[in-house]
Each structure stands twice: as structure tokens, then as C-alpha cells.
Amino acid sequence: MVIKEAKFLMSNTRVEECPAPDKPEYAFIGRSNVGKSSLINMLTEHKGLAKTSSSPGKTQLINHFLINDTWYLVDLPGYGYAKVSKGSRDDWRKMINYYFQKRENLTCIFVLIDSRHEPMKTDMDFINHLGQIGVPFVIVFTKADKQSSVKTDSTIAAYKRTLLQTWDELPRIFVTSAEKRTGRDELLNFIDEVNEQ
Ligand code: GTP
Ligand code: MG
């Protein structure tokens, strides 16, 4: 897929105020600081499109971007940031769950996971929750440039083993680096395939 146009539409906390659900929608989610906004900028080749930051918790709202006038890309706030109060965590959970339940054009969730870390409980809990509520998702490992491919492969193998303890089938898995543009074609081709179904 060639990205001809990528534009920011709006930020919301409520599904009712999101753009009309008339196009397929792909949402990026994962721990705070995992690289969601950076990956969106890399995919769209648009440096400042999604706001990035080295301190976790930058993205707080449901941010809609319109790509090629045909699909929505959504940047969601991250989870698992230790400094966030319980109240904010509950607000996050409510907002995200409501979005998952009500957003009728939601086509696929990209769950981003830092390729440097062994399986983490917050990630596994979140993935299991997605499986239980029946939202289609894929897993995207990020920041692959930060280590050797051997280390990345071993993280992925560990995640697969952990997932297979609960699930019969593994989701699609992608490896990316926003820095080196790794995985760009694979992700865009995947979106193309799903859009054509
Ligand atoms: P929140 O919105 O706070 O949840 O974070 P986020 O998941 O959107 O992360 P963001 O894209 O803001 O990136 C967090 C930090 O990681 C920034 O300092 C990025 O420059 C860095 N980063 C993101 N992706 C990569 C990558 O592929 N490689 C490297 N080396 N750094 C990355
Ligand atoms: Mg962000």
C-alpha cells in the first residue's frame, strides 16, 4: 500500500464523538512508551502526525487519523504506567472497554509489545481480555533496532509459549522498528489484505 494522504481528524474520550463509523478502523494499543505513536508516524511517513515522547503517558485520548480517505488509524493511550493513579487506570479501562464494545467499524487491534522484554503480566492480561471479548487482534513487537535479531526471536518465542498455554491458535505476529522502518511493508500489506476482504 502507498500512503498518499494521512491526516489527523480528532481526539476524543467518547465513542459517540468519534468520526462516522463508515470505514475500517485499526487501533494501536500497548504499554505506555512501547512506541505506538512512533509506529504510526513511521507507517504514514509523517514525523509529527502522532505526538511522541520519551516520558510514558503522552497519549491520553482516542486519536483518529484518516488514511488515503479509506481507513482509520487510531492511536490509543497506553496501559501499565506505574505512576498512574488507580482512578486514572479505571478511567482508562472504562474508556477503552467502551470503545471496544461500541466501535462497530473496529476491524483489528494492533497490540504493541516491546521486543526487549520477556512476557509481562499486563500484556498477557490485556491479550487474554481481547480474546475473551472476541476483538480481532495481531501482535506487533516494537523497537527491534535496540537489540540483536537473536534476542528479538527469543522474546517472540517466549510470548508464543506463554500464549499457547491459554490459546489453541497464535495471532499474527509482526516485528517492527520505527527507527529503521522495519516491518512497514508487512503491516501495510496486512491492512490492505484485510481492507479487501
Ligand atoms: P504513550 O503515548 O506515552 O503511551 O507512548 P507511545 O507508545 O505512543 O510511545 P512513543 O511512540 O511516544 O515512543 C516512546 C519512546 O520510544 C520515544 O522516545 C521514541 O523515540 C522511542 N521509540 C519508539 N519506537 C522506537 C523504535 O522503533 N526504536 C527506537 N530505538 N526507539 C523507539
Ligand atoms: Mg503515544
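What follows is calculated from the coordinates using simple rules that are stated; it is not laboratory data. Only a predicted model underlies this, so the values are computations on that prediction, with no experimental measurement involved. Methodologically, a virtual Cβ is constructed for each residue, glycine included, from the backbone with ideal geometry; neighbour enumeration extends over all protein chains shown.
Summary table
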{"item": "Spin-label model distance (nm) - N97 vs S54, 7 Å beyond Cα toward Cβ", "result": "3.7 nm"}
{"item": "Sorted by Cβ density within 10 Å, fewest first, the residues E25, E169", "result": "E169, E25"}
{"item": "Under 5 Å, built H, 5+ apart or other chain: amide partners of V140", "result": "V111, L112, I113, F174"}
{"item": "Estimated distance in nm for a label pair at E196 and A158, the labels positioned 7 Å out from Cα along Cα-to-Cβ", "result": "3.7 nm"}
{"item": "Most fluctuating residue given options M42, M95, M120, as computed from a GNM of the chain linking Cα atoms under 10 Å", "result": "M120"}
{"item": "Likely footprinting exposure, V15, V111, V150, fewest C-beta neighbours within 10 Å first", "result": "V150, V15, V111"}
{"item": "Computed over the chain: relative contact order in percent, which uses C-alpha pairs under 8 Å that are six or more apart", "result": "23 percent"}
